[in-house]
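Since the structure comes first, as structure tokens, the remarks are kept for the end.
What follows draws every value from the coordinates through simple rules; no lab data is involved. Here the structure is a predicted model, which is why all the values come from computation and not from measurement. Cβ sites come from the backbone with ideal geometry, for glycine too, and all protein chains shown count toward neighbours.
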Amino acid sequence: MPPRILIFGLPRTGTQSLCDAITLLTGEPVYHMREVATHCHQPAWISLLDRKYRDHEGPEALIPALKVVLEPYCGMADFPASIFAESLLSAYPDAKVILTPRQEDAWFKSMLRTLWAGHLAATAETDDRNVTMRGLRWKYHEYCWGNDFSAKGREYYRRYVEEVKGLCEGREVLEWDVGGGMGKGGGEEVGWERLCGFLGCDVPVGRAFPGTDEYDGKPVGGEQAGTEGEVK
């Protein structure tokens, strides 16, 4: 079954909580970075990233490979899938679209503390890119911000949000800002009502809105921060 919900946003923008909320509503899984290692999808995503950025293949050419990975799921979110917005919007013109912007400074600090710190820590241990999750991490850090998140991460964030908005012109889009009273940190009732209204689902009774963040309580940097499945 083709994905019915496309969630476009960068890591650390509440995608994990949103995926868990949609799974609770639909009873179906949503594709997120944490699915990658579970299903050994690293080679597929590394190939797709190379085809997009190194080989400059057009968005339509990437659709068949994306469908192989994503069509067992009711939706998708987070890296690496969200990098392929143009392809996915073309492949699934009837899907509901959610964009997860976040206040830029808060997003940037969160990325520095988690994914970027983990990448630097893992790189300090070894530069071996043959480990599949490390290889995938290298690809998106290189292709998205030139392996220099501190200098180029903000630029990529702004460009990504504007690109998705432009691609979605004429489509209804729910903007889901974790700093705006939805998702983790507040607004559970408002969060359910907005999400369920957009998706056409009943609001769950007696269920708190998920606040999933697998980085909670874990040290910054080091081996745990370098575990690339742990992306909110």
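Seen through its C-alpha gyration tensor, with square-root eigenvalues sorted a ≥ b ≥ c, segment 1-141 comes out oblate because a/c lies at 1.5 or above while a/b is not bigger than b/c.
Specify whether the C-alpha gyration tensor of segment 1-70 places it in the rounded, prolate or oblate class, a ≥ b ≥ c being the square roots of the eigenvalues: rounded for a/c under 1.5, otherwise prolate if a/b is larger than b/c and oblate if not. Since a/c reaches 1.5 and a/b is larger than b/c, the shape of segment 1-70 is classed as prolate.
For residue 99, the residues whose modelled amide H falls within less than 5 Å of its own, excluding neighbours fewer than 5 places apart on the same chain, are 8, 174, 175, 176.
The peptide list 30-37, 136-143, put in order of mean Cβ contacts within 10 Å with the highest first, becomes 30-37, 136-143. Ordering 17-24, 146-153, 87-94 by mean Cβ neighbour count within 10 Å, with the highest value first, yields 17-24, 87-94, 146-153. Each residue of segment 18-34 was assigned a 3J(HN,Hα) from its phi angle through the Karplus expression (A = 6.51, B = -1.76, C = 1.60, θ = phi - 60°), giving 5, 4, 5, 5, 5, 4, 4, 6, 9, x, 10, x, 10, 6, 9, 3, 5 Hz with x at Gly and Pro.
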